[in-house]
Structures are given as structure tokens and as C-alpha cells.
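First the structure, in the form of C-alpha cells, and then the observations on it.
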Amino acid sequence: MVGFAHFPLIAYHFKMQSVVSDVQIPIFYALAMGVDALLALFIGKTYDRVGLIILIIIPIITIPLPLFIFSKGYYFALIGVLLWGAVLGIHETIMRAAIAEITSTNQRGFAYGLFNTAYGIAGFLGSLLVGILYDISTAYIVLFVFLVEIISIQLFFFLKKEMK
């Protein structure tokens, strides 16, 4: 979540840079939610088949996201919003399922509480940093997201190895 821009900042960018019309901003959001909903079915089924390794798709899709989202091109923005919806759908569908898979039943409530706390703090800090970087340059957002997601890939494989 640290490297994931939230839609209010994306909408702000669309408005300030005249990437899409005001009327189209909620339509773009609706498209993202549609991708989120449709992908949830597919990604949930895939998670059931392949397990935790599917989580690696989150940083892989997130890395190019700011290149599209914070561009000034209409079609790049559209692709970005569709990718954004995909990442959100993956987060919402399998992150919590993964918590259930890696914790015992008697620790699950605490694990969900801990996860949601970390998820919220990461979302807050990420949004704060991306917002600050937006005021400086969107190129810094691209670099920041790239670095955060590369670190998350490394952490993913480290933790996966530790779980075995």
C-alpha cells in the first residue's frame, strides 16, 4: 500500500492537468471498480489454485502504474485506471485470504487486526509521501513507487522462504 496512489490524488491530477473532463473522472473511477469486481472472481480462483505466489502480481502491476496514472495522455490515463482497478481488486480479494492461510485459527482475529493496522498505516504514509512528491514532480512518484515495489518483491520472497 505504500506505493499505491489513492484515487482522490489521481482525480486531482486528472483535473489539474486536464487529462480527462470533470464528467469523465467518476466514469474512470467506475471503470476501475468494474475491473476490480471482474478481476476479483478470476484472481480468487487463481489464488485457490496456486496459493500465495499470486501475491507477487501486486508489485509487478504497481511498478508501471504511476507512468500511466500521472501521464498527461488520455489513453495512458485510461490504461492506468484499468491497471489501478486491477491492483485494487487483487488487494481486496487475496490479501485477507492470505492472512487466513498463514495464521492459525486461534490467532486469526489478532492477525487480521495487525494486518489492517499495518495496511492502514502503509496506506496513510504512502498517500502522504505520494502527495508530497506530486507537488515536487511526478517523476519522483515513479521513482518512489519503483523502489518501494522492488523492496516489496524482495520482502515477499524473503518471507516466503522464512515460512517454509
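Only the coordinates and a few stated rules stand behind these numbers; no lab work does. What you are looking at is a predicted structure, and each value in this text was computed from that prediction instead of being measured. Neighbour counts are summed over all protein chains in view; Cβ atoms, including those assigned to glycine, are modelled from backbone coordinates with ideal geometry.
Overview of values
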read-out: Order of Ile102, Ile63 under a 10 Å beta carbon neighbour criterion, fewest first; value: Ile102, Ile63
read-out: Calculated FRET value between Ile27 and Glu92, using beta carbons and R₀ = 25 Å, to 0.05; value: 0.75
read-out: Point-to-point label distance, Tyr74-Asp135, nm (Cα→Cβ direction, 7 Å offset); value: 3.2
read-out: Trypsin sites (Lys or Arg not before Pro) restricted to DSSP loop in the stretch 1-87 with at most 11 other C-beta within 10 Å; value: none
read-out: Fewest-first sequence of His13, His6 by Cβ atoms within 10 Å of each Cβ; value: His6, His13
read-out: Listed candidates [x] 156; [y] 114; [z] 105 - label of the one calculated as volume of the Cα convex hull per residue in Å³; value: [z]
read-out: Span-like helix ranges in the chain, DSSP H, alpha carbon extent 20 angstrom or more, Kyte mean at least 1.6; value: 138-163
read-out: Mean ellipticity per residue at 222 nm, deg cm²/dmol - from DSSP H runs of n ≥ 4 across the chain, formula -39500 (n - 2.57); value: -27500 deg cm²/dmol
read-out: Options Thr105, Leu147, Val87, ranked by Cα towards positive dipole end of the chain, top entry (Cβ charges); value: Thr105
read-out: Cα-based shape type of the stretch 37-133, given that a ≥ b ≥ c are square roots of the gyration tensor eigenvalues and the cut on a/c is 1.5; value: oblate
